[in-house]
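Notes follow once the structure below has been shown.
Bear in mind these aren't lab numbers, they're just calculated from the coordinates by the rules spelled out. Since the structure is predicted, the reported quantities are computational estimates derived from the model, not experimental observations. Cβ atoms come from the backbone with ideal geometry, glycine included; neighbour counts cover every protein chain shown.
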Amino acid sequence: MRDRAPSLSARMFRSILAFTLAGIVVFSLALAAIFYLSFEHKAASDLMAQTHRAAQYLDSESPEQRLAVLEEQFDGNVRYTLINANGTVVYDSAAPGADLSQLENHGDRPEVQEALAGGEGATSRHSATLGTDTLYAAAPLADGSVIRLSETRDSLVAFFANDMMPPVTIALLAAAALVLALSRLLTRNLMRPLDRIDVSAPLENTAYTEMEPLLARIDSQQRTLRAQNQELALAESLRRDFSANVSHELKTPLQVISGYAELMAHGLVATDDVRKFGSVIHQESQTMRALIDDVLALSRLDEKGLSADETALVDLTATVAHAAERLEKPARDKGVSIALALQPAQVSGSETLLEQMAYNLIENAIRYNYPGGRVTVEVLTEDAGGLSREDDTRQLATESANPLQKLAILRVSDTGPGIPPEAREKVFERFYRLDKSRSKETGGTGLGLAIVKHTALRHGGSVAVDSAPGGGARFTVILPQAR
């Protein structure tokens, strides 16, 4: 089972919420750190100022009075340490009454050295055990002693944990609630153009610019699918019509054959009529055979492409001459003459199909001609770029030709009644007949010109008809010559 695809809106909502909350947290921490550093800097400045005031006050007193002044005047949270010139602690407010001789020498302390060297010294030391920072500020006295003040401050971590955590937590909770609501609103606004997309008309949507290539692709695919569906529907309609026409065309000779054969089988036919009935049965069976041959030929032409063993170099001139020779007897029987004007031409393709194409064109010219009429069969060779545009037929026939490709032209003309303009395209349809009332008289299967058209197309050519009522018909097939 395919995994369920993630929701775009849910992913957008989570992303917006996560990035916004992360931004708020980072901003809050940065703001708190800036506030802490600013506050500590001010505290250090205040402590240094207080140290200078203490130094000025002690300098105004005699050395003997300084300890008393320190004990009486200076108290509170600030620690006062008086260090003499050699680094010995003289007074420490954090250890009143203690034995100061036990304290280590403070002469090497950075703030003391800075005070003696530059007039003031400040530093900060961190206690990992207590988690606190201690600020030290020192200033020199006139006799070389140093007064140092120190104040214990919370470290940055302790500051966050003790002072900033409650308000920051409250602010984050409030911000999270606000961001949650805004994220949902923003997600809905971002998704609204996507939710309103009508896939049935992709290019008519007002969507994001980034969506235009996808919508164009969907529209292209839909148009392709609609065209394919129309082609399939047309093919299905043609298949049904073709099946119905074949069934109808086969039904008539089968009924005749069955009826005559039944009469003969029951002895209901006079001896003198047996030959007549047999001739009718033979004629109808030949009609059925011709129909089946044409159906099989069209089935082969409906397949995609010619196989390698069906493609060969074909002498079109000899093939057309052979087809005309096969039709000499039917032409004589109808009193129609055949005139040949054949130039040498070779094409690549199926000799069987090409001969059947020529045979069908010549047979139609004989069948639909007047007694005593004439059929002219021509094979010509010309360059595609050099064809004269003397009529619409040749112009139509050369439109699909490669201008650099040499052409072979088969033209079959007759002196029959011609073809009306409205029927010139229809004559290539399957089972189409100009005069359905005379179809039995003229014979044929109704598939001859359909085979001609499909054969020409299969060989990369085209076919067209030029005719005027009462002036005969002229069929032109143009094929690319073999290179």
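Figures for the structure shown
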read-out: ARG184, ARG483 arranged by Cβ crowding within 10 Å, fewest neighbours leading; value: ARG483, ARG184
read-out: Spin-label zone in the stretch 339-356 - amide nitrogen under 18 Å from a point set 7 Å from the Cα of ARG289 along the C-beta vector; value: 356
read-out: Per-residue Cβ neighbour rank within 10 angstrom, fewest leading, PHE431, PHE475; value: PHE431, PHE475
read-out: ALA423-THR252 FRET efficiency (beta carbon distance; Förster radius 25 Å; 0.05 resolution); value: 0.60
read-out: Cα lying deepest toward the dipole's positive end in the stretch 8-161, options LEU47, ALA10, SER62, charges on Cβ; value: ALA10
read-out: Segment ASP46-LEU232, length gained on full extension (0.36 nm per residue, minus Cα span); value: 57.8 nm
read-out: Distance between modelled label sites at ALA142 and GLU204, nm, 7 Å Cα→Cβ extension; value: 10.0 nm
read-out: Cα→Cβ-extended label distance, 7 Å offset, between SER38 and ALA321, nm; value: 11.0 nm
read-out: Exposure proxy ranking, count of Cβ atoms within 10 Å, fewest first, for GLU61, GLU355, GLU204, GLU210; value: GLU210, GLU204, GLU61, GLU355
read-out: Computed over the stretch 8-161, Kirkwood Rh from alpha-carbon pairs, angstrom; value: 17.8 Å
